[in-house]
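Report on the following structure.
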Amino acid sequence: MSLSLPISSPPNHISTSPRSLIPTLSPHPSFLYHHPPQLPPHSHNTHFILCHYRLSSIFLSMNTGRREHFRASSYSGFGGHGAAEDYDAVNEGEEDDDEEGVRDDEQVGEIEGTLGSLHLPERWDVLGLGQAMVDFSGTVDDEFLKKLGLEKGTRKVVNHEGRGRVLRAMDGCSYKAAAGGSLSNSLVALARLGSRPMGGHTLNVAMAGSVGSDPLGGFYREKLRRANVQFLSPPIKDGTTGTVIVLTTPDAQRTMLAYQGTSSTVNYDTCLANLISKTNVLVVEGYLFELPDTIKTITKACEEAHRGGALVAVTASDVSCIERHFDDFWDIVGNYADVVFANSDEARALCNFDTKESSRSATRYLSHFVPLVSVTDGPRGSYIGVKGEAVYIPPSPCIPVDTCGAGDAYASGILYGVLRGISDLKRIGTMASKVAATVVGQQGTRLRISDAVKLAESFAYQLDSSNIRSDVGSDQISSF
């Protein structure tokens, strides 16, 4: 059965833009905004109709596949990366019994040959396309930052020498290495939620991106693989993997130093095209817009996803990233996105709204361009937008410990609900809110395995009553 959603008409009030006519949903007409471009009526409608077809057909083509589990071996030393020789490589807050570390060059060569021998599923439920960065997280004091001339609470891009200087200064400090990144947090949480066939089959989750042939690239691949997320892009020969150094001071402020590495460019090739053609949902990480010429890869990937009947989800990722690449974001969001994930600040940035605008207004505005919009608003709750309306989702109660990764966890909950065929917007949002609250109530950004199993079990009881079909106006997505 196909979706029966009526096409949403843009608001009547419009203003002139150098690029096009643009609608506004501002509750304060006196505010002057530069809004995202309005798609031509025919392309706007076509995008909605195609999305509805994909939403209704995607669940008919899901296949199951056997999962492979790999044991990583330990490795001591960073081989010239300027860090301490021994470190704890287990993700913060993860349940991980095996000792794990960065592999040497010989082991990396073995990793390159494993892709061909993997027993992979015929089709992926979710494929994430994003930045592959290894996180080094440590606790430092204000004096440490002062000595290195770092401004507390900022994010800074550094070169290879700058990264080595900081890591050498951390020698002797207690810190951890992890396969980091916003997208990987969401994919790991989704894989753990879908690790058992509750209300459906076991979910097959994968990631594509760019890692070098260095030990850190092998470490990243193995770490995700152990979390049941297959990293399927081959390593770039002689490339270096990107890293993010996260320095946390006692007042809980995080100072981040990002090194993109020499393998930061994500190219569209036959390998990536083949993966996307066998995917039900493609998730594009917003940080990719920062990489040189990657907009071409993102565009081709989205086109291939739609040709194969897959949904395209886009994560907003960062306000400054949106501001720097506003037109590129809207080229993708306006023409290809079926789902957008953002927090309240990112949503306002996408709308080019004033900070005084509410999260609800931003959600409603974006939902005129994107069929399904998810906007989180911290302890105030969240919104799901469809057809110019915003459904409020109250926050799930928890005692906050660490809010980092909450939005990533929320996105995994939305994807889990969609992939399990739930059509009730309120129910999907409530599930996502519970996943986010679980992560906020722990130390670390990753959803723990035991918590994921408990959440999935509780969600399974709701699936039997989620097959009601009605219009979106009554908080339902019809005919999923």
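Can D318 be described as out of contact with any Asp or Glu (no Cβ under 9 Å at 6 or more places or on another chain), under 27 Å from W124 (Cβ atoms) and either touching a residue at least 60 places away in the same chain (Cβ under 8 Å) or of a type outside the set (V, I, T) (or both)?
Numbers: out of contact with any Asp or Glu (no Cβ under 9 Å at 6 or more places or on another chain): no; under 27 Å from W124 (Cβ atoms): yes; either touching a residue at least 60 places away in the same chain (Cβ under 8 Å) or of a type outside the set (V, I, T) (or both): yes.
The answer is no for D318.
If you go through region 412-426 and keep only what is among the basic types (K, R) and buried (at least 20 other Cβ atoms within 10 Å of the Cβ), you end up with just R420. Considering region 272-289, and only residues there that are at pLDDT 95 or above and among the hydroxyl-bearing types (S, T, Y), the residue that is nearest to the chain's Cα centre (by Cα) turns out to be T279.
The helices (runs of 4 or more DSSP H) falling completely within region 153-235 include none with 3 or more residues that are at pLDDT below 90 and within 15 Å of the chain's Cα centre (by Cα).
Just wondering, is there one or more residues in region 250-263 that are touching a Pro at 6+ places or on another chain (Cβ under 8 Å), outside any strand (DSSP E or B) and touching a residue at least 40 places away in the same chain (Cβ under 8 Å)?
Of the residues in region 250-263, the ones touching a Pro at 6+ places or on another chain (Cβ under 8 Å) are 263.
Okay, now just the ones that are also outside any strand (DSSP E or B), so 263.
Checking the rest, the ones that are also touching a residue at least 40 places away in the same chain (Cβ under 8 Å) come to 263.
Yes, some residue in region 250-263 is touching a Pro at 6+ places or on another chain (Cβ under 8 Å), outside any strand (DSSP E or B) and touching a residue at least 40 places away in the same chain (Cβ under 8 Å).
Can you pull out the residues in region 208-260 that are polar (S, T, N, Q) and surrounded by fewer than 20 Cβ atoms within 10 Å (Cβ to Cβ)?
Of all residues in region 208-260, those polar (S, T, N, Q) come to 210, 213, 228, 230, 233, 240-241, 243, 248-249, 253, 255, 260.
Residues satisfying the conditions are T248, T249, Q253.
Name the single residue that is farthest from A411 (Cα to Cα) among those in region 374-389 being in contact with a strand residue (DSSP E or B) (Cβ under 8 Å, 6 or more places away or on another chain) and surrounded by fewer than 23 Cβ atoms within 10 Å (Cβ to Cβ).
The extreme case among them is V386.
Taking the criterion of being in contact with a helix residue (DSSP H, G or I) (Cβ under 7 Å, 6 or more places away or on another chain) and surrounded by 19 or more Cβ atoms within 10 Å (Cβ to Cβ), the residues of region 397-410 that qualify are G405, A406, D408, A409, Y410.
The values are calculated or read from the model by the stated rules, or taken from the named source; none is laboratory data. Just so it is clear, the structure is predicted and the values come from calculations on it, not from any experiment. Every residue, glycine among them, receives a Cβ derived from its backbone with ideal geometry; neighbour counts consider all protein chains shown.
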